[in-house]
1. Within the stretch 83-104, can one find any residue that is on the phi < 0 side of the Ramachandran plot, exposed (fewer than 14 other Cβ atoms within 10 Å of the Cβ) and modelled with pLDDT under 90?
2. How many residues are within 18 Å of the chain's Cα centre (by Cα) and assigned to a helix (DSSP H, G or I) when one looks only at the stretch 189-214?
3. Can you run down the residue pairs with Cβ atoms below 6 Å, 6 or more apart or on separate chains, where the first is in the stretch 7-23 and farther than 16 Å from residue 266 by Cβ and the partner is modelled with pLDDT of 90 or more and surrounded by 11 or more Cβ atoms within 10 Å (Cβ to Cβ)?
4. Name the pairs whose Cβ atoms lie under 6 Å apart, with the first residue in the stretch 374-387 and in the same structural domain as residue 222 (by TED's automatic domain parsing), the second crowded, with 17+ Cβ neighbours inside 10 Å and not in a helix (DSSP H, G or I), and 6 or more positions between them or separate chains?
5. Kindly establish whether residue 426 is out of contact with any helix residue (DSSP H, G or I) (no Cβ under 8 Å at 6 or more places or on another chain), in the same structural domain as residue 340 (by TED's automatic domain parsing) and free of Cβ contacts under 8 Å to residues at least 24 places away in the same chain.
6. Can you spot a residue in the stretch 272-283 that is under 14 Å from the mean Cα position of the chain (by Cα) and either modelled with pLDDT of 90 or more or on the phi < 0 side of the Ramachandran plot (or both)?
7. Is one or more of the residues making up the stretch 242-262 modelled with pLDDT under 85 and not in a helix (DSSP H, G or I)?
8. Just one of (1) in contact with a strand residue (DSSP E or B) (Cβ under 8 Å, 6 or more places away or on another chain); (2) assigned by TED's automatic domain parsing to the domain that holds residue 51 trips up residue 201, so point out which.
């Protein structure tokens with residue numbers, strides 16, 4: 001069986017359609033890179049200047065206006081000192097950014113967002129304040145510049161109560177800049193920035209999802225009916241293995257062949273980029289659904305809602321996240337950070353599982369329909385209808401259980417696809433096993 005798989009895989013790789021698809025993917029990737037670079041050029045704002053202004057604005061306009069409520073009291077002096085600390089930290093972010101000292105600017109950014117998160121936590125008090133104290137302790141020690149935790153106290157709280165969700169965004173921002181500070185990484189100035197590793201994120205998020213079902217279809221639609229037409233199926237089944245193993249060998253060849261076509265273009269482009277940037281962003285932080293492999297419950301996805309109603313998507317580095325609730329600029333507490341290299345390994349795992357599902361489906365149809373053209377039309381129609389109907393499940397707040405929608409590993413892993421990675425894996429594995437079982441049972445009873 002191993003010899004049969006190896007010989008057929010070599011034959012498949014040599015086919016013209018294999019290299020046509022690789023060239024097509026390569027061209028589409030180059031065009032996507034060109035578009036991203038044009039978008040990046042439109043963003044001419046100095047990164048740390050902009051970040052510092054945001055911090056200054058929050059501390060001054062959003063919080064400072066409430067100081068008049070307690071002017072002339074001891075509370076006023078304490079509050080003014082705290083908000084001035086936030087404001088001055090924002091100013092120092094700008095100063096260090098202008099000096100190209102991004103490490104210090106990252107530290108200050110982490111500290112300023114942590115201060116804002118502490119202000120929000122102390123406005124809530126109780127368990128939520130205790131939660132912050134636990135979550136923020138390690139970050140505070142690394143970024144506070146020697147300022148003691150108890151030294152900055154926003155109690156008694158006043159103004160802007162009851163917006164707890166904003167706390168999650170502030171704390172996540174603090175974690176992000178602390179990660180950059182600890183790993184001595186320069187922030188990626190906007191989500192359109194392209195490098196060796198960030199291209200991989202773009203590829204698996206924007207390029208390959210829309211092509212994956214078509215690629216697997218073209219490569220596997222004739223897996224078995226081609227053997228029927230050539231007569232080689234009878235010869236193959238005279239070998240000392242069962243029909244079930246024959247079907248399995250076809251699926252394995254299809255999965256390996258499709259994976260080869262999907263990964264060759266991206267690795268070639270990544271290697272070229274790597275000569276220029278030395279793969280420096282391999283440990284860059286990206287957003288990740290931290291309980292995605294232990295929880296069945298998805299979080300609401302409003303990625304598509306935000307641009308239509310608010311004109312833009314929020315992002316942290318190269319990662320997008322949905323407003324929660326709709327368009328309010330918050331982020332779910334279940335979202336955390338993970339190194340990009342680790343994230344990309346998980347994306348490849350999900351890509352391979354989706355390829356297994358599509359290949360198993362196409363091999364089933366190929367084994368049931370002897371005519372290649374008819375088989376291609378039916379397999380293509382099922383794939384098209386499945387993906388079209390499933391597209392509605394990945395927006396707003398729906399339960400996404402369709403295997404045809406599991407083609408975007410980035411969105412699944414970062415929690416913006418109405419499904420957790422655990423559920424996606426279970427759906428793809430179970431569906432593939434069901435299709436394989438049906439195929440074996442039908443093929444065993446088929447008259448060859």
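The values are calculated or read from the model by the stated rules, or taken from the named source; none is laboratory data. Please read all numbers here as calculations on a predicted model, not as lab measurements. All Cβ positions, even for glycine, are placed from backbone atoms using ideal geometry, and neighbour counts span all protein chains on display.
1. Yes; the residues of the stretch 83-104 include at least one that is on the phi < 0 side of the Ramachandran plot, exposed (fewer than 14 other Cβ atoms within 10 Å of the Cβ) and modelled with pLDDT under 90.
2. 17
3. Filtered contacts from the stretch 7-23: 8/253; 9/253; 9/256; 12/257.
4. 375/221; 375/369; 376/221; 379/221
5. yes
6. No, every residue in the stretch 272-283 fails to be under 14 Å from the mean Cα position of the chain (by Cα) and either modelled with pLDDT of 90 or more or on the phi < 0 side of the Ramachandran plot (or both).
7. Scanning the stretch 242-262, I find at least one residue that is modelled with pLDDT under 85 and not in a helix (DSSP H, G or I), so the answer is yes.
8. So the condition that residue 201 fails would be (2).
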